[in-house]
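To start, the structure itself, in structure tokens.
The values are calculated or read from the model by the stated rules, or taken from the named source; none is laboratory data. Only a predicted model underlies this, so the values are computations on that prediction, with no experimental measurement involved. Here the Cβ positions follow ideal geometry from the backbone for every residue, glycine too, while neighbour counts run over all protein chains shown.
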Amino acid sequence: MTEPSAAAATDRTRLAESAYSSDRDLAARQSIYQWQTPRHDLPGIVAGQLSDVRGRVVDVGCGNGRFVRRLREDRPGPAVLGLDIAPGILTGVPGPVAVADVTRLPLATGSVGAALAMHMLYHVPDIPQAVRELARVVARDGLVIASTNGARDKAELDDLWQRAASDVLGTGQEPVRFSIGARFSLENAPDYLGAEFGQVETLELPSTVTVHDPEPVVAYLASYRAWADQYDVPFGATVERARTIVTERIARQGMFEIGCRAGILVCRR
């Protein structure tokens with residue numbers, strides 16, 4: 001990732017006021033997993049990891065509250081607190097919630113039994129500082145669970161975007177690649193987390209998303225509109241060209257497949 005791309009992926013104003021000002025775009029990305037095989041119930045997997053945890057659980061970067069809701073259903077005893085830097089996306093999340101930055105958590109040292117950082121640490125400018133804060137607020141016998149994707153996660157969508165962008169540009173040159181998740185991936189996350197935790201266990205959750213209609217793919221690509229300026233192509237035209245490509249692929253092959261390489265990292269002292 002180039003430096004301008006890294007700055008865009010971590011810019012707080014862009015995150016709070018555009019990318020996550022509501023849950024519209026995040027929900028579009030989450031919805032594609034309804035066509036996932038095998039179907040990984042990520043909130044359920046996390047709830048299982050927390051079965052022996054005592055004390056409050058804090059979901060840092062909770063987004064639209066997917067994990068907050070599930071934990072309250074599966075673990076009605078311990079309190080669950082949702083934190084996010086984007087006030088808008090917290091509107092529909094049942095309380096208690098608060099606006100907060102992972103690098104300056106408004107929590108006392110050792111005050112929570114577990115902290116979640118689900119698909120969000122790649123948005124943090126200073127990842128080591130965020131990991132130190134997560135470690136600080138968790139009790140000595142508690143744990144931190146982070147999630148992210150592998151370097152080749154949804155490579156078919158990257159390739160689709162590249163082809164569509166090339167067609168729109170019409171230059172035959174390779175369009176700029178912009179990756180948000182590369183800063184904190186399954187490959188480099190253990191090094192970041194291992195600086196504060198003696199035990200970091202990676203649970204990989206590979207799957208395939210198979211769609212028979214282009215719209216979920218189009219919605220997924222369009223959900224990155226907050227970073228449209230980073231792609232250096234006409235964003236809307238590229239999304240529409242991708243729609244045509246996927247439509248033609250489905251007409252020929254009956255489906256469009258996407259390989260997913262997600263996982264969680266369970267961290268203990």
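Can you pull out every residue in segment 26-55 that is in a loop (DSSP other than H, G, I, E, B) and surrounded by 15 or more Cβ atoms within 10 Å (Cβ to Cβ)?
40, 50, 53, 55 - these are the residues of segment 26-55 that are in a loop (DSSP other than H, G, I, E, B) and surrounded by 15 or more Cβ atoms within 10 Å (Cβ to Cβ).
Is it the case that some residue within segment 192-205 is closer than 19 Å to residue 156 by Cα and either of a type in the set (Ser, Thr, Tyr) or over 17 Å from the mean Cα position of the chain (by Cα) (or both)?
no
Filtering segment 1-25 down to residues that are aliphatic (A, V, I, L, M) and assigned to a helix (DSSP H, G or I), which residue is modelled with the lowest pLDDT?
Top of the filtered list is 6.
Any chance you could count how many residues in segment 143-166 are modelled with pLDDT of 95 or more and either in a loop (DSSP other than H, G, I, E, B) or under 14 Å from residue 265 (Cα atoms) (or both)?
The number of residues fulfilling the criteria is 10.
Would you list the helices (runs of 4 or more DSSP H) that sit entirely within segment 167-269 and hold 3 or more residues that are over 19 Å from residue 116 (Cα atoms)?
215-222, 235-253
Results for (1) surrounded by fewer than 15 Cβ atoms within 10 Å (Cβ to Cβ); (2) within 17 Å of residue 145 (Cα to Cα), shown as yes or no for each residue.
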| position | (1), (2) |
| --- | --- |
| 197 | no, yes |
| 215 | yes, no |
| 229 | yes, no |
| 246 | no, no |
| 250 | no, no |
| 262 | no, yes |
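Would you please list the contacts, defined by Cβ atoms under 6 Å and residues six or more apart or on different chains, that run from a residue in segment 202-217 that is touching a residue at least 40 places away in the same chain (Cβ under 8 Å) and under 9 Å from residue 35 (Cβ atoms) to a residue that is hydrophobic (A, V, I, L, M, F, W, C) and surrounded by fewer than 17 Cβ atoms within 10 Å (Cβ to Cβ)?
From segment 202-217, the pairs are 210/255; 212/255.
Residue 230 passes all but one of (1) polar (S, T, N, Q); (2) modelled with pLDDT under 95; (3) under 30 Å from residue 136 (Cβ atoms); which number fails?
Single failed check for residue 230: (3).
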